[in-house]
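Have a look at the structure below before the remarks.
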Amino acid sequence: MSDLRELYQEVILDHHKKPRNFRKQAGVAQVEGYNPFCGDRLTVYLKMDGEVIKDVSFEGSGCAISTASASMMTESLKGKTREEAEVIFKAFHDLLTNPAPAANNAAHLGKLAVFSGVREFPVRVKCATLAWHAFHAALDNKNKIVSTE
Ligand code: ZN
């Protein structure tokens with residue numbers, strides 16, 4: 001487990017320092033996510049091409065975990081279909097909230113599996129899932145503000 005913990009810290013710090021797809025998009029679905037427990041505030045921008053995620057990006061400010069999670073989310077979802085994105089969303093949520101996630105979860109998550117360490121810190125789960133809830137609302141074409149509460 002210590003290897004995973006080290007990897008987890010390394011990957012999260014890297015994405016926190018250099019967030020990927022950190023930019024606005026105009027004229028696309030956008031949802032703001034707010035986590036009052038930590039003060040994380042992120043906006044997710046989603047551009048669909050039919051059923052395919054053409055572009056997904058985010059902006060805002062948050063702690064290392066919320067920023068890294070948003071950054072890695074954009075990398076893993078870009079180019080996926082709506083259906084594939086739903087599977088990844090559920091798998092990620094399961095990873096963080098279910099003490100015994102489904103065995104095939106890892107296959108859906110790839111690098112995102114490093115977030116399994118967050119499960120030990122329930123308060124941090126809200127940080128890690130914030131961008132995902134915003135993304136999910138955007139996927140449903142709900143332009144709105146989502147809160148972790
Ligand atoms: Zn946070």
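The values are calculated or read from the model by the stated rules, or taken from the named source; none is laboratory data. Since we're looking at a predicted model, the values are computed, not measured. Here the Cβ positions follow ideal geometry from the backbone for every residue, glycine too, while neighbour counts run over all protein chains shown. Ligands, DNA and RNA are excluded from the accessible area calculation, which covers all protein heavy atoms including side chains. Shrake-Rupley method; radii C 1.70, N 1.55, O 1.52, S 1.80 Å.
Within the stretch 86-107, the residues that satisfy the criterion of being open to solvent by 80 Å² or more (accessible area, probe 1.4 Å) and either assigned to a helix (DSSP H, G or I) or within 16 Å of the ligand (Cβ to nearest atom) (or both) are Lys90, Ala107.
When only residues in the stretch 62-72 that are crowded, with 20+ Cβ neighbours inside 10 Å and over 17 Å from Val31 (Cβ atoms) count, which is farthest from the chain's Cα centre (by Cα)?
Ranking the qualifying residues of the stretch 62-72, first place goes to Ile65.
Which members of the stretch 49-82 meet the condition of being within 20 Å of Cys127 (Cβ to Cβ) and away from the ligand (no atom under 16 Å from the Cβ)? Val56, Ser57, Thr74, Glu75, Ser76, Leu77, listed by residue number.
Checking the conditions here, which among Glu83, Glu59, Glu75, Glu51 is open to solvent by 20 Å² or more (accessible area, probe 1.4 Å), under 11 Å from the mean Cα position of the chain (by Cα), closer than 24 Å to Ala29 by Cβ and of a type in the set (Asp, Glu)? Unique residue meeting the criteria: Glu75. Scanning the stretch 24-48 for residues that are away from the ligand (no atom under 16 Å from the Cβ) and either open to solvent by less than 50 Å² (accessible area, probe 1.4 Å) or farther than 14 Å from Asn141 by Cβ (or both) turns up Lys24, Gln25, Ala26, Val28, Ala29, Val31, Tyr45, Leu46.
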